[in-house]
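Encoded as structure tokens, the structure appears first; notes follow it.
The values are calculated or read from the model by the stated rules, or taken from the named source; none is laboratory data. For clarity, every value in this text was computed on a predicted model and none was experimentally measured. All Cβ positions, even for glycine, are placed from backbone atoms using ideal geometry, and neighbour counts span all protein chains on display.
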């Protein structure tokens, strides 16, 4: 009888947690009241980052472009890159490379074709302007002589590196 009591108490606790979770989600939904829905375009125009999530530890700062995995394949003549991005609002997305080693976009999966994307310069770094959406940017940086280091976009936490076809376990 003691184990039945534990099971029913556990079931009750799980049920109550599920109920509280559902109630909380409904109570905090971001639905706009009908009276204010006509103002949505006006607000969105003046606050283009409204769809962008906050940083996990700073609710005063929104990030509109979140980098995913960056894959680099280095060879004697340069490197190929693949970089996934989730963009929540029009953003300048940084690319690998710098003024001396300028990237060329080859393709863009899950978004506009690379032919429609222009690599620009902002703060002496290569960037590409992207509207909201998911992207997989692919490109190449060429060189005559391999540099000591490669400039990577800030915030790229997941980096995969291969050199001459050999995967590097701990890229630095």
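Looking at the structure I just gave you, is residue 35 assigned to a loop (DSSP other than H, G, I, E, B) and at pLDDT 75 or above? Give the steps one after another, and end with the answer.
Working: assigned to a loop (DSSP other than H, G, I, E, B): no; at pLDDT 75 or above: yes.
Taking the combined requirement at face value, the residue does not satisfy it.
Just to confirm my filter: which strands (runs of 3 or more DSSP E) fall fully inside region 53-121 and include at least 2 residues that are closer than 15 Å to residue 132 by Cα and under 19 Å from the mean Cα position of the chain (by Cα)? I'd like the intermediate steps shown before the answer.
Values: elements: 58-62, 65-75, 78-87, 91-94, 103-109.
In region 53-121, the matching strands (runs of 3 or more DSSP E) lie at 65-75, 78-87, 91-94, 103-109.
Looking at (1) modelled with pLDDT under 90; (2) out of contact with any strand residue (DSSP E or B) (no Cβ under 6 Å at 6 or more places or on another chain); (3) closer than 26 Å to residue 45 by Cα, which is the one condition that is false for residue 89?
Tallying (1) modelled with pLDDT under 90; (2) out of contact with any strand residue (DSSP E or B) (no Cβ under 6 Å at 6 or more places or on another chain); (3) closer than 26 Å to residue 45 by Cα, residue 89 fails exactly one: (1).
Which numbered condition in (1) within 25 Å of residue 75 (Cα to Cα); (2) out of contact with any helix residue (DSSP H, G or I) (no Cβ under 6 Å at 6 or more places or on another chain) is the only one that residue 110 fails?
(1)
Go through the residues of region 152-160 one by one and say whether even a single one is surrounded by 13 or more Cβ atoms within 10 Å (Cβ to Cβ), farther than 15 Å from residue 94 by Cβ and in contact with a strand residue (DSSP E or B) (Cβ under 6 Å, 6 or more places away or on another chain). Steps first, answer last, please.
First, pick out the residues of region 152-160 that are surrounded by 13 or more Cβ atoms within 10 Å (Cβ to Cβ): 152-153, 156, 159-160.
Cutting the leftovers down to farther than 15 Å from residue 94 by Cβ gives us 160.
After this cut, where a residue has to be in contact with a strand residue (DSSP E or B) (Cβ under 6 Å, 6 or more places away or on another chain) as well, the list is 160.
Among the residues of region 152-160, at least one is surrounded by 13 or more Cβ atoms within 10 Å (Cβ to Cβ), farther than 15 Å from residue 94 by Cβ and in contact with a strand residue (DSSP E or B) (Cβ under 6 Å, 6 or more places away or on another chain), which makes the answer yes.
Can we say residue 136 is under 20 Å from the mean Cα position of the chain (by Cα), crowded, with 16+ Cβ neighbours inside 10 Å and at pLDDT below 90?
Details: under 20 Å from the mean Cα position of the chain (by Cα): yes; crowded, with 16+ Cβ neighbours inside 10 Å: yes; at pLDDT below 90: no.
The answer is no for residue 136.
Every residue in region 95-119 that is closer than 30 Å to residue 50 by Cβ and at pLDDT below 95, please.
105, 108, 109, 110, 111, 112, 113, 114, 116, 117, 118, 119
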